[in-house]
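The values are calculated or read from the model by the stated rules, or taken from the named source; none is laboratory data. All of these numbers come straight from a predicted model, not from anything done at the bench. Virtual Cβ from ideal backbone geometry, glycine too; neighbours counted across all protein chains shown. The protein model used for the area step is the full one, side chains on, heavy atoms only, and it has no ligands, DNA or RNA in it. Shrake-Rupley method; radii C 1.70, N 1.55, O 1.52, S 1.80 Å.
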Amino acid sequence: MKKLLIAALFAVTIAGCAHDTGTITQISTIDALLAGDYDGSEKTSNLTRYGNFGIGTFDRLDGEMIVLDGKVYQAKSDGRIYTPDNITTPFASVSFFVPEITVNLEKPVTFEELEKLIDEKVPDMNIFCAVKAEGTFSKIKVRSVPAQSKPYSPLAKVVTAQPIFEYENISGTIVGYRLPAFVKGINVSGYHMHFIDTSKTYGGHILGFQMAEGRIYADTERKLTLILPERGLKSIDLSKDRSEELKKVEK
Ligand SMILES: [Zn+2]
């Protein structure tokens with residue numbers, strides 16, 4: 001009987017843990033980043049306390065962040081992956097990834113088709129959804145951004161000179177989120193995904209792809225924790241609508 005009780009308690013604890021994992025924790029806001037607030041405010045080593053999966057950028061906008069299996073990867077503007085030790089982030093979103101939905105691809109999909117597939121599996125567009133896809137990509141187009149120096153230019157200006165990299169027949173993982181329309185100003189509404197290849201050599205912010213085969217996973221979350229920089233955001237005007245700027249930056 002005692003054994004059974006212990007087993008039952010254990011099961012409850014596990015279920016409880018799984019529930020607690022349904023949180024996205026983010027550092028600062030997308031509009032602060034769009035406005036040029038590129039100074040890192042949170043150590044990436046702290047970030048992994050809030051999640052083992054996620055995306056973001058680095059201090060001075062030095063590349064695209066991919067957090068996968070608890071490790072932080074930096075895709076710099078040479079398109080290559082680095083593993084930074086002592087570095088901060090001005091903007092990132094992380095969560096503990098627990099796949100709730102798995103889809104085995106039956107045919108190749110483009111970026112738009114993958115979005116449609118997730119939308120079918122997770123039709124509630126008003127919940128947070130972490131998206132992971134592992135497989136082979138017959139084509140994938142990614143970008144990164146070079147480190148900036150002060151005075152910082154707005155993000156929409158920086159990305160006009162973004163280095164773009166195209167790979168063929170590369171295997172790897174997509175890491176990202178689909179977020180509701182109502183996060184506008186705080187994070188990216190819709191899909192925002194980054195890529196890292198299996199050898200952990202190449203990666204970046206995804207602009208397009210053709211995924212040949214693999215699996216897609218989705219993990220829904222109902223909680224969002226927002227951490228603003230300790231230094232505050234007082235010099236930035238966050239009252240204006242930056243959605244047009246964001247469109248330019250994402251595509
Ligand atoms: Zn990105």
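Points to keep in mind about this one:
- A Cβ-based charge dipole, computed about the Cα centre of region 102-251 with Lys and Arg at +1 and Asp and Glu at -1, lands at about 600 debye.
- The orientation-averaged shadow of the Cα convex hull for region 185-251, equal to a quarter of the hull surface, comes to 7.5 nm².
- A helix-only calculation puts the chain at -6000 deg cm²/dmol for mean residue ellipticity at 222 nm, using -39500 (n - 2.57) for each DSSP H run of at least four residues, averaged over all residues.
- Under 14 Å from the Cα of residue 234 - aspartates and glutamates, other chains or at least 8 residues apart: 31, 37, 39
- GNM top mover of 176, 208, 79 - the chain, alpha-carbon springs below 10 Å: 208
- Whole-Å distance, taken between Cα centres, linking region 95-166 and region 198-251: 8
- Beyond 18 Å in Cα-Cα separation lie the following of the pairs 71/248; 71/132; 141/248; 141/251; 43/157; 71/200: 71/248; 43/157.
- Over all projection directions, the Cα-based convex hull of region 2-250 averages an area of 14.7 nm².
- The calculated FRET efficiency for the pair residue 201 and residue 106, based on their C-beta separation and a Förster distance of 22 Å, comes to about 0.15.
- Residues in region 200-237 reached by a label modelled at residue 138 [backbone nitrogen below 20 Å; 7 Å Cα→Cβ]: 207-216
- Surface accessible to a 1.4 Å probe, per residue, for the residues of region 2-250, Å²: 48
- Prolate/oblate/rounded call for region 13-113, Cα gyration tensor, a/c under 1.5 rounded: oblate
- Overall, the chain carries a charge dipole of about 380 debye about its Cα centre when +1 sits on the Cβ of Lys and Arg and -1 on the Cβ of Asp and Glu, all other atoms neutral.
- Of all accessible heavy-atom area on region 2-250, the percent that carbon and sulfur account for (1.4 Å): 53
- Positive end of the dipole of the chain (Cβ unit charges, origin at the Cα centre): among 135, 94, 216, the Cα lying farthest that way belongs to 94.
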